[in-house]
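Below: one structure, written as structure tokens.
The values are calculated or read from the model by the stated rules, or taken from the named source; none is laboratory data. A quick note: this is a predicted structure, and the numbers were derived from the prediction, not measured. Every residue, glycine as well, gets a Cβ built from its backbone with ideal geometry; the counts of neighbours run over all protein chains shown.
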């Protein structure tokens, strides 16, 4: 039987006019593993940081041992027994494991009693089978061992009763993940409460006693081990089913949650414009996030890409656009090997992209919308060494796509625009050149209904004009409505492609989770 | 969409009014603070400031001295500013400038001594620019191939250049005809830039101003400048547009080194003529500060370079007229600098 250590009532966190968390209530007891599941951007990390005192709580109340926390910050949290294992390890590579652990202890000004500390660290390591040599330099350790140091840092605080893990498995190899999950159960059996943030569902199902689902900053559902839960149930709640999708997102209601009619010529798959053979792409940590996978896309086709976010969507698009190297395999376009082409060469071949984050990837602070149109998209005239801005302005203002997508006035500073307007700008810019291959990552993100249908119409028109469209979305509804073929990113691989007649929401959901081809 | 936007100097064109306010505040606040220092030194601030103003505009010779100082300061300023526009930091203008100065001396003494000035001076200056470029190429290589932080490597390379010059003047290039002083030989008469009558100033101040104006024009008006500012403003945006970010950055950095080196060459052929251990010291740092204070605007840097050069020149005359040590002017410069940085920081945190 556990005791309630922490109780949250209606927690709320606001950033500007964006509500990151709202109305979040739950309790945490000792000896249980709590999972907090949700897609990227659902507000998981924000909630964790509030619980650990990093973020100020903007509304609601937090109780620890029944006492309301008014002046709350990380040192109070630590004192009350809350330990946070950070996802981005905060270790000094040039120091040994022991020295790093000493750094984190609260004995400011004390002498570094190496022997004593080493003894304590060794005892803890043995108790929980954390394999760390205290005298090894951190730069020599792999990510799994570094994580063990982070855990030791938290355990060194004798008050610790709640362990918070923020996406702990994202840096681990599959073997390390299994060991890590086992470790969690050891902690639980030793009376710790565990709070685990993750978007990897099969891990949750293996260890969690309680699963909270977070969507768009709200706790939408809670599953309990006693009542049982399945991966599919969790995913459904995470991405939201039709009934729960808010009204403004119900763009085109479809009676059946299945693919659309297949109107393409039957031999279209035999004449691809872009073919990826046995491709391997590595993520920022250098681990293969997509391994030995194939796919192809043909002119006049919209190829939908489904998958829980974080399964290689970003890496795939960056590789196709020449921003990220292809680790192995071959990419051909129109029969030509373009695996090592630069972004410039790919642009010249007619490849365009709408990035998943136009603010990060397209926005230049201080530039107007017009100047962004000059960076790429439009071909401007030159007056000697100078750009003819007036001519460009006329071009942009007369452009159909710009009007249709309601791109804001060209003289406005782009950084002052809303996210939706920046999205409009980036999307318009990418499609103006009538690309041969258009990679659209989340094109309708942050847009109102009218603009979303304008975006969809533009994609349909491009397709009619013979563009091959790669369409990435997290909204299954939208994907099913638009895609002529569908591939799924899951389990470090690419599954499909599936024809519209072959898929429905259930089957794709299954593939998204386990990568099983049925 | 809640990502915080940070405005980088590379992309935004500094609004003249804002910069002007900054420069004015940067003058009057330090004047107040420096007055307090003067009072502690039992000096009447008014007397000192009057002496300064008299020095600034007092005589043709003084104006000429300011122009002489300002020429390399302007060029070293561009050596800091151009890389900054593409998102790199070059703190090595000092070393690149001295590399140019040293090379101009060696080339002048050992290769061009028999040549007429019309041929010899351009060769010296070209060699100086090449030396600056090569000295910049080393930290650039460390940055691009070894991923080392260029702020640190350029800064440290200055000290290597100091030691290299010391080694040279104590050894290989020591003037054999001299009295065993650690100095190089002087370049031949015809290799010295002719000065305007009654001053040590020469036509190179206009060359330096021309370089600044061209830089300003390229960045503000041309397609090339637009692309470079894009790279400095958001590297990823430039990559997504297919710009060759690396190539552009390398060229910007090398050109910066060449400009600083040219500045060193001018110092050699217009006022120094021979190399000593401390020849051309601090000019590169003054240039770096001048563009820092100017907030990345080349045109404003003309005024800040003038101000810093004038203070540097007039430090000496302060000593004569008021009895203050000449290092007092360094204190005033530091106060100005700290004030400007303080102002800049206050604004960003809002």
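If the Cβ limit is 6 Å and pairs must be 6+ apart or interchain, which residue in the range A:352-364 that is at the interface with chain B (Cβ under 7 Å from one of its Cβ atoms) pairs with which residue that is part of a loop (DSSP other than H, G, I, E, B)?
Matching pairs, first to second residue: A:359/B:3; A:361/A:355; A:364/B:11; A:364/B:234.
Just to verify a result, which residue in the range B:277-294, among those that are touching a helix residue (DSSP H, G or I) at 6+ places or on another chain (Cβ under 6 Å) and surrounded by fewer than 21 Cβ atoms within 10 Å (Cβ to Cβ), is nearest to residue B:132 (Cα to Cα)?
To start, the set of residues in the range B:277-294 that are touching a helix residue (DSSP H, G or I) at 6+ places or on another chain (Cβ under 6 Å) comprises B:277, B:279-280, B:283-291, B:293-294.
From what is left, the residues that are surrounded by fewer than 21 Cβ atoms within 10 Å (Cβ to Cβ) are B:277, B:285.
Numbers: B:277: 18, B:285: 15 Å.
Out of the qualifying residues, it is B:285.
Quick test of your reading of the structure: residue B:190 fulfils all but one of (1) within 14 Å of chain A (Cβ to nearest Cβ); (2) more than 19 Å from the chain's Cα centre (by Cα); (3) surrounded by fewer than 19 Cβ atoms within 10 Å (Cβ to Cβ). Name the failing condition by number.
Tallying (1) within 14 Å of chain A (Cβ to nearest Cβ); (2) more than 19 Å from the chain's Cα centre (by Cα); (3) surrounded by fewer than 19 Cβ atoms within 10 Å (Cβ to Cβ), residue B:190 fails exactly one: (1).
Going through the range B:153-177 one residue at a time, which ones are part of a loop (DSSP other than H, G, I, E, B) and under 24 Å from residue B:68 (Cβ atoms)?
Start the filter on the range B:153-177 by keeping residues that are part of a loop (DSSP other than H, G, I, E, B), which leaves B:171-173, B:175-177.
If the condition is that a residue be part of a loop (DSSP other than H, G, I, E, B) and under 24 Å from residue B:68 (Cβ atoms), then B:173, B:175 are the ones that fit.
Take the residues in the range B:134-152 that are without any contact (Cβ under 8 Å) to a residue 24 or more places away in the chain and outside any loop (DSSP other than H, G, I, E, B), then tell me which one is farthest from residue B:246 (Cα to Cα). Show your work before the answer.
The initial filter retains those residues of the range B:134-152 that are without any contact (Cβ under 8 Å) to a residue 24 or more places away in the chain, namely B:138, B:141-142, B:145-149, B:152.
Cutting the leftovers down to outside any loop (DSSP other than H, G, I, E, B) gives us B:138, B:141-142, B:145-146, B:152.
Values: B:138: 16, B:141: 12, B:142: 13, B:145: 11, B:146: 14, B:152: 19 Å.
Among those residues, the one meeting the criterion is B:152.
Limited to the range A:395-414, what total is found for residues that are within 14 Å of chain B (Cβ to nearest Cβ) and surrounded by fewer than 19 Cβ atoms within 10 Å (Cβ to Cβ)?
Our first condition is that a residue be within 14 Å of chain B (Cβ to nearest Cβ); within the range A:395-414, this holds for A:413-414.
Subsequent filtering for residues that are surrounded by fewer than 19 Cβ atoms within 10 Å (Cβ to Cβ) retains A:413.
Final tally of qualifying residues: 1.
Given A:92, A:14, A:76, which one is modelled with pLDDT of 85 or more, surrounded by fewer than 17 Cβ atoms within 10 Å (Cβ to Cβ) and part of a strand (DSSP E or B)?
On the way: A:92 fails: part of a strand (DSSP E or B); A:76 fails: part of a strand (DSSP E or B).
That would be A:14, the only listed residue that is modelled with pLDDT of 85 or more, surrounded by fewer than 17 Cβ atoms within 10 Å (Cβ to Cβ) and part of a strand (DSSP E or B).
Every residue, every condition in (1) at pLDDT 80 or above; (2) surrounded by fewer than 20 Cβ atoms within 10 Å (Cβ to Cβ); (3) within 26 Å of residue A:335 (Cα to Cα), yes or no:
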position	(1), (2), (3)
A:259	no, no, no
A:265	yes, yes, yes
A:268	yes, yes, yes
A:275	yes, yes, yes
A:285	no, yes, no
A:306	yes, no, no
A:312	yes, no, yes
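Output the number of residues of the range B:266-282 satisfying the condition of being closer than 19 Å to residue B:159 by Cα and either at pLDDT 95 or above or touching a strand residue (DSSP E or B) at 6+ places or on another chain (Cβ under 8 Å) (or both).
Step one: filter the range B:266-282 for residues closer than 19 Å to residue B:159 by Cα, giving B:275-282.
Retained after the next criterion (residues that are either at pLDDT 95 or above or touching a strand residue (DSSP E or B) at 6+ places or on another chain (Cβ under 8 Å) (or both)): B:275-276.
Total satisfying the criteria: 2.
Take the residues of the range A:17-41 that are within 14 Å of chain B (Cβ to nearest Cβ) and either within 15 Å of residue A:167 (Cβ to Cβ) or in a loop (DSSP other than H, G, I, E, B) (or both): which is farthest from the chain's Cα centre (by Cα)?
Step by step, filter the range A:17-41, then rank; the result is A:17.
Yes/no matrix, rows are residues, columns are (1) closer than 23 Å to residue A:315 by Cα; (2) buried (at least 20 other Cβ atoms within 10 Å of the Cβ); (3) out of contact with any strand residue (DSSP E or B) (no Cβ under 8 Å at 6 or more places or on another chain):
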residue	(1), (2), (3)
A:431	yes, yes, no
A:438	yes, yes, no
A:442	yes, yes, no
A:453	no, no, yes
A:478	yes, yes, yes
A:483	yes, yes, no
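Looking only at residues in the range A:42-54 that are crowded, with 20+ Cβ neighbours inside 10 Å and out of contact with any strand residue (DSSP E or B) (no Cβ under 6 Å at 6 or more places or on another chain), which one is nearest to residue A:163 (Cα to Cα)?
Here the residue is A:51.
Any idea which of B:212, B:218, B:203 is more than 14 Å from chain A (Cβ to nearest Cβ) and free of Cβ contacts under 8 Å to residues at least 24 places away in the same chain?
Details: B:212 fails: free of Cβ contacts under 8 Å to residues at least 24 places away in the same chain; B:218 fails: more than 14 Å from chain A (Cβ to nearest Cβ).
Only one candidate qualifies: B:203.
Regarding residue B:226, is this residue touching a strand residue (DSSP E or B) at 6+ places or on another chain (Cβ under 8 Å), part of a helix (DSSP H, G or I) and within 14 Å of chain A (Cβ to nearest Cβ)?
Values: touching a strand residue (DSSP E or B) at 6+ places or on another chain (Cβ under 8 Å): yes; part of a helix (DSSP H, G or I): yes; within 14 Å of chain A (Cβ to nearest Cβ): yes.
Judged against the criteria, residue B:226 is a match.
Could you please tell me which pairs satisfy a Cβ distance under 7 Å, a separation of 6+ or placement on different chains, a first residue in the range B:38-60 that is under 20 Å from residue B:312 (Cβ atoms), and a second residue that is outside any helix (DSSP H, G or I)?
What qualifies is B:41/B:324; B:43/B:324; B:48/B:324; B:60/B:198; B:60/B:199.
Tell me the residue from B:330, B:316, B:321, B:304 that is assigned to a helix (DSSP H, G or I) and within 18 Å of residue B:18 (Cα to Cα), please. Give the steps one after another, and end with the answer.
Values: B:330 fails: within 18 Å of residue B:18 (Cα to Cα); B:316 fails: within 18 Å of residue B:18 (Cα to Cα); B:321 fails: within 18 Å of residue B:18 (Cα to Cα).
Answer to the selection: B:304.
For the range A:273-293, check the following and say yes or no: at least one residue is more than 14 Å from chain B (Cβ to nearest Cβ), within 15 Å of residue A:439 (Cβ to Cβ) and outside any strand (DSSP E or B).
Within the range A:273-293, one or more residues are more than 14 Å from chain B (Cβ to nearest Cβ), within 15 Å of residue A:439 (Cβ to Cβ) and outside any strand (DSSP E or B).
Residue A:466 versus (1) part of a loop (DSSP other than H, G, I, E, B); (2) within 17 Å of residue A:353 (Cα to Cα); (3) at pLDDT below 90: which is the lone unmet condition?
(3)
Of everything in the range A:376-390, what is within 13 Å of chain B (Cβ to nearest Cβ) and either without any contact (Cβ under 8 Å) to a residue 24 or more places away in the chain or surrounded by fewer than 21 Cβ atoms within 10 Å (Cβ to Cβ) (or both)? Give them in sequence order.
If we filter the range A:376-390 for residues that are within 13 Å of chain B (Cβ to nearest Cβ), which is where we start, we get A:376-389.
A:378, A:379, A:380, A:381, A:382, A:383, A:384, A:385, A:386, A:387, A:388, A:389 - these are the residues of the range A:376-390 that are within 13 Å of chain B (Cβ to nearest Cβ) and either without any contact (Cβ under 8 Å) to a residue 24 or more places away in the chain or surrounded by fewer than 21 Cβ atoms within 10 Å (Cβ to Cβ) (or both).
Could you tell me which numbered condition residue A:345 fails, if it satisfies all but one of (1) within 12 Å of chain B (Cβ to nearest Cβ); (2) within 26 Å of residue A:413 (Cα to Cα)?
Against the list (1) within 12 Å of chain B (Cβ to nearest Cβ); (2) within 26 Å of residue A:413 (Cα to Cα), residue A:345 comes up short only on (2).
Got a sec? Which of B:236, B:249 is within 14 Å of chain A (Cβ to nearest Cβ), assigned to a helix (DSSP H, G or I) and surrounded by fewer than 24 Cβ atoms within 10 Å (Cβ to Cβ)? First the steps, then the outcome.
Working: B:249 fails: within 14 Å of chain A (Cβ to nearest Cβ).
Within the list B:236, B:249, the selection yields B:236.
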